[in-house]
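A short worksheet on the structure shown next.
The values are calculated or read from the model by the stated rules, or taken from the named source; none is laboratory data. The shown structure was predicted, so the numbers you read here are calculated from the model rather than taken from an experiment. Note that each Cβ is placed from the backbone with ideal geometry, even for glycine, and that neighbours are counted across all protein chains shown. SASA here: full protein model, heavy atoms, side chains in, ligands and nucleic acids out. Shrake-Rupley method; radii C 1.70, N 1.55, O 1.52, S 1.80 Å.
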Amino acid sequence: MDKILICDSITKRFGGLIAVSRVSVEVSRGELLGLIGPNGSGKTTLINLISGVLEPDEGRVLFEGRDITKLKPHARVALGISRIFQGMRVYPYLPVYYNIELSARSVFKDARLARSKTIWALTTTKLLAESAELPVNLTPYKLKMVELARALVTNPKLVLLDEPFAGLSPEEVGEVIKIVRKLNESGIAFIIVEHKLRYLMKLVERVVVLNEGRKIFDGSPSEAMNSEEVSRVYLGVM
Amino acid sequence: MVEVSKLVFAKPSKVSKVRKILPFLTVVSIYLTLPAIGLRGFWIDVLTRVNIFLLITLSLDLYSGTTFYLNLGVPFTVGVSAYTLALLNRYLGVPVEYSILPSAITSTIFSFTIFIPSLRVRGAYFSILSLLLPIILAGLVTSQPFSLYLGGEGGISYFPLFFSYARALPAGERVFFLQASHFYLSAAVAIVAYIICYKIAYSDFGFMMRSIGQDELLAEATGINTFRVKLIGFIASSFLSALAGALYAAMRPPITADIFVPANTLVPPLTAVILGGMGTIVGPAIANYLTLIIYEILWGVLGSWRIILYMCLLIVLVLLRPQGLIYYLYLKMKQVFSVRIFKHLGGV
Ligand SMILES: Nc1ncnc2c1ncn2[C@@H]1O[C@H](COP(=O)(O)OP(=O)(O)OP(=O)(O)O)[C@@H](O)[C@H]1O
Ligand SMILES: [Mg+2]
């Protein structure tokens, strides 16, 4: 089975608001999927449902054929789903090294393996020199790298990135894209939520478009550009 | 930045390692010779009590100081442990020498059974529960009909720890034998507990507890089994408090409901933790000795006003404690971090 993730008609309500409404999404092994939609359309909520931060009111989430709907977030990380939060989210009073190593240590019980994985992640994201630094002394780009390193250190098969380009300069976005491409070539699948469409559309193979919690499009980036419905919700953006 | 990477890659020498623990060794050795060089009477008893309080301070700092889950249930844990020891002696005739560990374990089990739901939700509900429980127990102990079985206002009396050995000595040496043996036992337990807590607080497990304190959702969502970490941390912390309760009860009969009063068993250690710097272990341990010894000195000067002064100090500390304090302490400990990180990087 080459579908690594299947969201089977999942719904999430917040009181009267339906943030995600009967959305079905499938991700293949090693795929690069874009997830777009206007503000408040339910992208982050969907990411939260996949990573286990939220539990759906209806529907199921399957990972590698296994029903993970009731699984806690940390257990999903161990299975191979990593995520990055929207905005910069790091432990403010822990040095870069521990920001990354703790996740590795939780997933791999073997301390040596966790350590060598951490060093690999620090190297991949060019953070070795900042290992002992506190997050407060890092630039937004370096902070993104810390988050990326933490997502990678647990050996993920699927990485969820929630607006990874936000707050970065064009050159820095280019760097992030380079790293994502390289990791993708090694077989890691990505779901990337982004508003910066001109970068995203060149990067991903497929896009899912959400609007008011519903999936309104699922196809190639070029089809999305030409879709009338997508243009309507994105009026003035694309 | 340059300075830091230098720190990261500066290999710690054996000499610097020894130099690091030298102050600790010096202070401990001087402390342990005090009874031998003439410390007697009131002050040796004070230090014994401060040794025992160090266990409570460490218990609070290890769990609450790192996870920022304020465990107000400490008086419950300390009190249940103390009363278990006293009741085992009264009803089953168990000598206190043998019931310290069983009492501590019993109280740990009670505490974690009652407070386990508080590990799932952060909020006022369980803080209130944990504050009210010891007050209810104190009420039970002193009200009919329970007071008949639990000692009432006068408490439960029994022979203190090592009394059977003291009895064999000439009358003039008995008191000092008891004081000195209690001092050395409490000091030994305190030192061992300090070393273990320090190791835990700066281990990967300790850093996981810190990550929970700093961003629990992030920790859970990036692979840390937050419930398990909190559970283990809470059990370790409760055991330390429970051990303090059992040791205290064994050395200081009669045991009374006073032990359940937060002003007695929660406020002093909490002050030490906040004053010393939450989660650092070193700071609260030092603050434990300073504040409690000053507290005793104040007794002569201020009488019962000292408790009011203490509470006011706590309020001031809580109000003044800025985010910056943790950062300041981090800078102080940067060396420790860097050396450890270097070891990790060099190890592969
Ligand atoms: N925890 C919550 N409680 C209540 N409402 C929520 C919660 N989280 C999200 N919502 C609401 O659900 C809707 C979808 O939010 P979501 O964060 O998923 O949007 P988004 O597509 O990520 O938007 P953005 O592009 O601004 O990040 C919004 O109306 C939001 O206000
Ligand atoms: Mg969002």
Counting only residues in the stretch A:7-31 that are more than 13 Å from ligand 1 (Cβ to nearest atom) and surrounded by fewer than 19 Cβ atoms within 10 Å (Cβ to Cβ), the one farthest from A:Pro156 (Cα to Cα) is identified as A:Arg22
Among residues of the stretch B:275-303 being in contact with a Phe, Trp or Tyr (Cβ under 9 Å, 6 or more places away or on another chain) and not in a helix (DSSP H, G or I), the residue nearest to B:Asn51 (Cα to Cα) is B:Ile281
Given the conditions (1) within 17 Å of the chain's Cα centre (by Cα); (2) within 22 Å of A:Gly167 (Cβ to Cβ), every one holds for A:Pro92 apart from (1)
For the stretch B:22-60, the count of residues that are under 27 Å from B:Gly213 (Cβ atoms) and exposed (fewer than 14 other Cβ atoms within 10 Å of the Cβ) equals 0
Picking from A:Leu158, A:Leu143, the residue that is more than 10 Å from chain B (Cβ to nearest Cβ) and touching a residue at least 60 places away in the same chain (Cβ under 8 Å) would be A:Leu158
| What about A:Ile177, is it touching a Leu at 6+ places or on another chain (Cβ under 7 Å) and within 16 Å of ligand 2 (Cβ to nearest atom)? | no
For the stretch B:119-132, check the following and say yes or no: at least one residue is crowded, with 21+ Cβ neighbours inside 10 Å, without any contact (Cβ under 8 Å) to a residue 60 or more places away in the chain and under 23 Å from the mean Cα position of the chain (by Cα). yes
Picking from A:Glu58, A:Glu130, A:Glu101, the residue that is surrounded by fewer than 23 Cβ atoms within 10 Å (Cβ to Cβ) and more than 16 Å from ligand 2 (Cβ to nearest atom) would be A:Glu58
Just one listed residue, out of B:Phe112, B:Phe146, is of a type in the set (Phe, Trp, Tyr) and either under 18 Å from B:Ser59 (Cα atoms) or surrounded by 16 or more Cβ atoms within 10 Å (Cβ to Cβ) (or both), and it is B:Phe112
How many residues of the stretch B:8-21 are at pLDDT below 75, part of a helix (DSSP H, G or I) and open to solvent by 40 Å² or more (accessible area, probe 1.4 Å)? The answer is 8
Over the stretch A:72-98, the set of residues surrounded by fewer than 24 Cβ atoms within 10 Å (Cβ to Cβ), farther than 16 Å from A:Leu152 by Cα and at the interface with chain B (Cβ under 9 Å from one of its Cβ atoms) is A:Lys72, A:Pro92, A:Tyr93, A:Leu94
Of the residues in the stretch A:99-134, those that are free of Cβ contacts under 8 Å to residues at least 12 places away in the same chain and touching an Asp or Glu at 6+ places or on another chain (Cβ under 8 Å) number 3
**Message:** Criterion first (part of a helix (DSSP H, G or I), more than 13 Å from chain A (Cβ to nearest Cβ), open to solvent by 30 Å² or more (accessible area, probe 1.4 Å) and in contact with a helix residue (DSSP H, G or I) (Cβ under 7 Å, 6 or more places away or on another chain)) does B:Ile195 satisfy it?
**Reply:** no
The condition of being within 16 Å of ligand 1 (Cβ to nearest atom), at negative phi and more than 14 Å from chain B (Cβ to nearest Cβ) holds, among A:Val204, A:Val180, A:Val209, A:Val173, only for A:Val209
The residue from A:Leu138, A:Leu148 that alone is touching a helix residue (DSSP H, G or I) at 6+ places or on another chain (Cβ under 7 Å), outside the structural domain of A:Ile50 (by TED's automatic domain parsing), open to solvent by 10 Å² or more (accessible area, probe 1.4 Å) and modelled with pLDDT of 90 or more is A:Leu138
Scanning the stretch A:112-127 residue by residue, those more than 21 Å from the chain's Cα centre (by Cα) and open to solvent by 10 Å² or more (accessible area, probe 1.4 Å) turn out to be A:Arg112, A:Leu113, A:Arg115, A:Ser116, A:Ile119
Checked A:Phe217, A:Phe190, A:Phe165 against criteria (without any contact (Cβ under 8 Å) to a residue 24 or more places away in the chain and assigned by TED's automatic domain parsing to the domain that holds A:Gly30); the one match is A:Phe217
Selection from the stretch B:220-274 of residues among the hydrophobic types (A, V, I, L, M, F, W, C), open to solvent by 20 Å² or more (accessible area, probe 1.4 Å) and over 27 Å from B:Met311 (Cα atoms) yields B:Phe227, B:Leu231, B:Ile232, B:Ile235, B:Ala236
Looking across the stretch A:45-74 at residues that are touching a Gly at 6+ places or on another chain (Cβ under 9 Å) and assigned to a strand (DSSP E or B), the single one that is nearest to ligand 1 (Cβ to nearest atom) is A:Val61
When you check A:Val209 against the structure, is it over 21 Å from A:Gly87 (Cβ atoms) and touching a residue at least 24 places away in the same chain (Cβ under 8 Å), yes or no? yes
Among the residues of the stretch B:69-107, the number that are open to solvent by less than 10 Å² (accessible area, probe 1.4 Å) and of a type in the set (A, V, I, L, M) is 7
With criteria (1) open to solvent by 10 Å² or more (accessible area, probe 1.4 Å); (2) under 18 Å from A:Phe217 (Cα atoms), A:Asp2 comes up short on (2)
Original post:
Do we have A:Glu163 as more than 16 Å from ligand 1 (Cβ to nearest atom) and open to solvent by 10 Å² or more (accessible area, probe 1.4 Å) here?
Top reply: no
